[in-house]
Structure formats: C-alpha cells, structure tokens
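The values are calculated or read from the model by the stated rules, or taken from the named source; none is laboratory data. This is a predicted model, so every value here is computed, not measured. Cβ: placed from backbone, ideal geometry, glycine included. Neighbour counts: every protein chain shown.
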Amino acid sequence: MLQTTCHNDTHDLPVAVKLLCFYIACIQEPKLSVAPEMDIMDYCKKEWRGNTQMAKRMKKGYEEVSQKFTSIRRVRGDNYCALRATLFQAMSQSTDLPIWLKNQDIMLLPQELISKYNWIKQWKLGLKFDGKGDDLGDKIKESLALLRKKWAGLTAMRSAEERQVACDELFRNEEEEYSLYEAVKFLMLSKAIQLYDDKEKGKDVPFFSVLLFARDTSGDPAQLLRNHLNQVGHTGGLEQVEMFLLAYAVHHTIQVYRLSKYNTEEFITSYPSDPPKDWPVVTLIAEDDRHYNIPVRVCEETRL
C-alpha cells in the first residue's frame with residue numbers, strides 16, 4: 001500500500017527507501033486547514049451511511065442546510081477548530097477592514113493589559129510559538145499587527161474569488177495561521193476583562209458573561225485564562241459559552257447549524273442571540289458542539 005503512494009519511478013527501490021520517500025512526501029505536503037468545497041449532500045452521504053437515529057438526524061439536518069447552501073468545506077479537526085472556522089469565514093467574506101481593527105489603540109492593548117494585570121504573564125503561547133513570558137507583550141502585538149495586515153490585504157482585493165484564493169493560502173501557512181489565533185484569543189481575553197469589570201461595577205452586561213463567570217473554573221478573567229483560553233489549541237477547544245465571547249471579540253454574529261439539535265429550537269443557534277445590527281454574519285455547521293465546518297455557495301433562490 002505504501003508503494004502506491006510513492007512516485008512511479010520508485011517501484012524498484014528497497015523498502016527502506018520507499019518508506020523514506022513516503023515520509024518525505026507526507027511532511028512536504030502542506031496541511032489543509034480548510035479543505036476544498038464539495039457538494040453538501042455528497043458529504044453527508046459519505047459521512048453518515050448508517051440508519052441509526054443519529055445518522056437519520058444528521059441527514060435531516062444536512063437536508064435542511066442544503067436548502068440554503070449547496071457546498072461544504074471541512075475544517076481541520078484540532079482544538080483551534082472554532083477559531084479557524086470563524087476567522088476563515090470572517091476574513092474571506094470581508095470587503096472592508098472592520099472598524100475595531102482600524103483603531104490604533106488595539107496595538108496598545110497587550111502592554112496596557114499586561115502591565116495592569118500581572119497574571120496575564122501566565123499566558124500559554126500557542127502552537128508554532130517560541131519564547132517566554134518576558135516578551136509576551138511583543139509577541140501578542142506582532143500577532144495583532146499580522147491580523148490587521150492580512151485582513152486589510154484581503155479587503156483590498158477586487159473579487160470574492162481572489163479573496164478566497166488568498167485566504168486559502170493564508171490558512172496553509174501554519175506559522176501565520178497560529179499567530180492569528182493568538183491575536184483572537186487575546187481579544188477574547190480583553191473583552192472578558194472588560195465584561196467582568198463592568199459586571200463588578202454594577203453595569204449591564206450581556207447575559208452570557210454572567211454564565212461565563214458563574215463557572216467554577218472561570219470565576220474571574222484570570223481563571224478563564226488559566227483553565228480555558230490557555231487550553232485552546234492544546235488540550236481543548238471553545239465551549240458553548242465561549243462562542244459568545246469569540247463573537248464579541250471579532251464583532252461578528254456567529255450563526256451555527258447544530259445538526260445534533262435538528263428539529264429543536266437550538267438547531268440554528270446565534271452567538272449572540274441579539275447582536276448589533278451592523279455586525280456581519282458568519283455561518284458554520286456543527287455535527288456536535290466540538291467541531292465546526294463551513295457551508296458555502298448560497299443557493300440562488302435564497303440570495304434575495
């Protein structure tokens with residue numbers, strides 16, 4: 001079987017050389033963070049072939065989604081999945097740089113917050129990162145600068161197809177991709193700190209933030225960092241209540257088709273449920289509450 005994966009001119013080589021050939025081919029092939037699109041019902045039939053209750057529910061769910069979208073793009077299933085799917089959709093769809101990214105104050109956030117909250121130095125840098133907490137502020141600032149630069153570059157492109165190709169390329173570059181996730185995680189932490197402080201001062205806050213800090217593991221932003229944000233990309237992804245925080249961090253409504261909840265009120269869940277009207281919407285598909293894929297190609301009859 002290994003033999004068939006190597007080039008044709010290697011069939012006479014020793015087994016050890018063939019194995020080396022196969023290994024080199026595997027490590028040289030760029031990992032696809034977001035797979036090419038395929039017909040959404042073809043994907044469903046491939047993934048859900050049985051007749052169990054779960055399979056039937058998934059098929060019904062996909063049939064419902066297919067009324068709005070014709071294709072799906074599978075997102076690599078690691079612990080960055082929610083960040084990857086949301087950010088990919090947001091960046092590939094944008095025609096203008098978001099106002100919050102234009103604000104120059106965003107670049108001051110890392111040093112400002114780290115100097116005010118010493119516990120932020122417990123930040124666990126994500127994959128593909130080196131360095132210690134001493135230069136944490138600089139690394140986060142670089143990540144935020146990269147997020148702004150890449151997002152601005154995409155919005156400057158003339159066509160949706162051009163943006164899509166560029167976004168595909170960006171999300172094949174692991175070093176840059178993971179740097180973007182550090183930026184978004186820091187924006188999530190910044191928003192959490194703001195919401196917590198507002199709650200402590202008796203100000204009105206979104207209900208999700210009450211739930212966020214009601215957990216035993218995230219009674220305050222420091223615990224949220226240690227027990228949750230630090231785990232994203234390493235040992236865990238985002239929990240449901242943290243999807244709200246992600247939405248607030250990037251100022252996008254995240255609409256999710258939760259297929260396991262088909263035929264219930266939770267089948268289409270929006271984070272947040274009452275977003276500001278000027279927030280763009282990104283749409284995701286979740287077969288469970290851990291992994292997200294991307295629906296694409298809006299059906300012609302639903303565009304009006």
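Taking each residue of the range 156-184 that is more than 15 Å from V34 (Cα to Cα) and looking for partners that are among the basic types (K, R) with beta-carbon atoms closer than 6 Å, six or more apart or interchain, yields M157/R163; E175/K128. The residues of the range 92-118 that are hydroxyl-bearing (S, T, Y) and farther than 28 Å from E162 by Cα, listed by number, are S115, Y117.
Pick from the range 255-274 the residues that are part of a loop (DSSP other than H, G, I, E, B) and surrounded by fewer than 19 Cβ atoms within 10 Å (Cβ to Cβ): which of them is nearest to the chain's Cα centre (by Cα)? Ranking the candidates gives P272 first. Scanning the range 197-224 for residues that are over 20 Å from H251 (Cβ atoms) and acidic (D, E) returns E200, D216, D220. The set of residues from the range 96-112 being free of Cβ contacts under 8 Å to residues at least 12 places away in the same chain and not in a helix (DSSP H, G or I) comprises just one member, N103. Identify the residue in the range 55-95 that is among the acidic types (D, E) and either touching a residue at least 60 places away in the same chain (Cβ under 8 Å) or buried (at least 19 other Cβ atoms within 10 Å of the Cβ) (or both) and, among all such residues, is nearest to L245 (Cα to Cα). Checking each candidate, the answer is D78.
In the set L13, L20, L32, only one residue is at pLDDT below 95, surrounded by 13 or more Cβ atoms within 10 Å (Cβ to Cβ) and not in a loop (DSSP other than H, G, I, E, B); that residue is L20. The residues in the range 115-139 that are modelled with pLDDT under 95, among the hydrophobic types (A, V, I, L, M, F, W, C) and part of a helix (DSSP H, G or I) can be counted, and the count is 1.
So, of the residues in the range 149-182 that are aliphatic (A, V, I, L, M) and in a helix (DSSP H, G or I), which turns out to be surrounded by the fewest Cβ atoms within 10 Å (Cβ to Cβ)?
A160
The numbered conditions (1) closer than 30 Å to A152 by Cβ; (2) at pLDDT below 95; (3) not basic (K, R) are all true for Q53 except (1). With respect to the conditions (1) within 25 Å of R172 (Cα to Cα); (2) hydrophobic (A, V, I, L, M, F, W, C); (3) free of Cβ contacts under 8 Å to residues at least 40 places away in the same chain; (4) surrounded by 18 or more Cβ atoms within 10 Å (Cβ to Cβ), W48 falls short on a single one, namely (1). Looking at H252, is it surrounded by 18 or more Cβ atoms within 10 Å (Cβ to Cβ), within 21 Å of Y196 (Cβ to Cβ) and out of contact with any Lys or Arg (no Cβ under 6 Å at 6 or more places or on another chain)? When the stated conditions are applied, H252 does not pass them. Has the range 183-192 got at least one residue that is under 21 Å from the mean Cα position of the chain (by Cα), among the charged types (D, E, K, R), within 21 Å of A90 (Cβ to Cβ) and not in a loop (DSSP other than H, G, I, E, B)? Within the range 183-192, one or more residues are under 21 Å from the mean Cα position of the chain (by Cα), among the charged types (D, E, K, R), within 21 Å of A90 (Cβ to Cβ) and not in a loop (DSSP other than H, G, I, E, B).
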